[in-house]
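Q: Right, I'll just put the structure down here and ask away after.
Every number here is computed from the coordinates shown, using simple stated rules; none is lab data. Treat the numbers as computed from the prediction; the structure is a model and nothing was measured. Neighbour counts are summed over all protein chains in view; Cβ atoms, including those assigned to glycine, are modelled from backbone coordinates with ideal geometry.
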Amino acid sequence: MDGQEPHWRQTVGTSTGIRADSRITVPVTGMTCTSCEKRLTKALLRVPGVESVDVSAARGRATVHGDHQLARGALDDAIRACGYEPAAAPWLTSDLSVWRTVLLAGLGVGAVAAALIIVGPADLTTRLSAPGRGGLLLVLLLGVTAGLSTCSAMVGGLVLGFSASHAAAWRARGETALPFSTRMRPQLAFNAGRVVGFGVLGALLGALGSTTSLPTRATAVLVLAVAVVMFLLGVRLTGISPRVAAWSPRLPAGLARRLGLETATDAGYSHARAALVGAATFFLPCGFTQAVQVYALSTASPLAAGTIMATFAVGTTPGLLALGAVPEVTTGRRQASLLRVVGVLVLAFALLNVSSALNLLGVPGGSAVVGARTASANVTVVDGVQTVHLTQRPRGYEPADTVLYAGLPTRWVIEATSQFDCSASIRVPDLALKIDLAQGTNTVDLHTLDAGTLPFTCVMGMYSGTLVVVDPPPAPAEAPL
C-alpha cells in the first residue's frame, strides 16, 4: 500500500483464503475519519457474500470483494444504515450547519485581523522588548502565533498521527481506558524533540553565519507550496468541499509506517521516534519558522542562534499541545465545530502566504506612485549622486513606494528601527539583492539604475514596497544671449 493514503481494510478469514471472484467499488459520501472507515467496514462485512472490504475516507469510496452473488442494493443499504450515502462526494456541502459555522468563524477571524491592524501588535511587541536585550520575547510571541496557525497546519497530521499510533500500541496490550496524562505523552515527546532539535539545529545555523540563504525566488516557491498545502488542509477541516478534502496531502503509507504514524497495532510507536520527527520539523517550510531562521542565521553565533530557535519552538508548544488535545477533550458536534473554526484560520493564513509568495516573485500589486515623473520627497540629489531615504519599521517600510531617477549613481539609506522582524531582511528579486539590516543606519550602493519598476519585500514577502525608476526631466534650455 506504499504511496497511498491511510485507510481501513479488513478481511473475513476462510480456510482457503480470499476468493476475489467479484469486486465492486462504491462511492461513499459522509466519511471524515478512521472511525468512519472502521464503522463502515464492519457493516459491509455483515453483508452476505462479502469476503473483504477496503474503505478509504480520503478517497470517499469502499471496495468490496466477494462472490458472484454480491448485490449492489444490499451494499447501498448497509452504507445508508451507517449514516452515509452511496454516492460521489459533492464539490460543495449542502449541510447548512457547516456553512453557518464557517461564516461565523470567517467574520470572527476578519474582526480579529482588523483589530490587530488597528492596534498594531508589531509595534506593541517592539515597545515591550528593547532591541538587543528583549528580542527573545518577540521570538517567543512569534512562536505562539505560529503554533496557533501555520505550524499547526504543517505538522498537525504528525501530531494527531502519533496520538493514534500510541493509542493503537496500548490497545494491542489490552489497555483502552487510559488517563489523559498517558494519552498526551506522544504530544509531550514530540514537542520536547522540537525544542531540543530546534536548539541544536539553530546553533548550526549560527555557525554558518549570514553567508548561506535560499534564493528569493526559491523561497517564494516554497511559500506558495505551503499555501497550497494549507488551503487543502483548511478545506478539509472546514468540510465545505468533500470532493476537495480528498485531495489533502498525506505522508506516503510506507513512510508513515516507518515513522509509526499508522494506527495498526504493529506500528511500533516509540517516544524516541516521536521526538526525532519533532526535531525534523525544523526543515518544514513554515513562513514563521523561516523568518526566525533567517534572524538566527544573521547572528553568526551558535549560542545566540540556538537560543533563538529553541525559544521559538517553546512558543509553538501551547498551540501544538492544544491541537493534540482536541480529540481528547471534545467529541461529536463540538469537535467538528472547533475543527471548522481552525480550518477557517488555516485558510486565512493560506491567503496570506499566497500574497507573500507573489510579493517575493516580484508580481506588482499596484503602487501609488506609478505614473509619477518626478522624484519623491525622500530622494535627494547632491553633486550628481542620488540618495533614497527609507525607514524600516516592524510593520513595513516608510515610504513603501518611491520614485527616483535613472542614470544616476544611487545610494539607498535605510534607517532600521527594529532588528527582530521580517521587515529587517529586505530582498530585491530583480537585482538579486539581499539586505539584512543592522539596528540604525544602513547604506546600500545601488549603482546606476535603468528605468523600470523594482519591487522589494521582506524575506518572507509579508511587507513590500516599490522603487519606480523614471527618466530624469530634461535639463532646462539655456536662454539665448
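Q: Whole-Hz Karplus ³J(HN,Hα) for the range 428-445, in order, using 6.51 cos²θ - 1.76 cosθ + 1.60 and θ = phi - 60°, x for Gly and Pro?
A: My calculation for the range 428-445 gives 10, x, 5, 9, 6, 9, 10, 10, 9, 6, 9, 4, x, 8, 10, 10, 10, 8 Hz in order.
Q: Summing Lys, Arg as +1 and Asp, Glu as -1, what charge do residues with Cβ under 15 Å from the Cβ of Val468 carry, Val468 excluded? Before the final figure, lay out the partial values.
A: Working: positive: Arg373; negative: Asp401, Asp430, Asp450, Asp471.
With Lys, Arg at +1 and Asp, Glu at -1, the net is -3.
Q: Next up: What residues have an amide H closer than 5 Å to that of Tyr463, excluding those fewer than 5 places away on the same chain, when H is modeled at 1.01 Å from N in the peptide plane?
A: It is Cys458, by chain and number.
Q: Then there's this: Quick one: net charge of His271's neighbours, Cβ under 14 Å, K/R +1, D/E -1? Intermediate values should be presented prior to the final figure.
A: Values: positive: Arg183, Arg185, Arg194, Arg273; negative: none.
Result for the local shell: +4.
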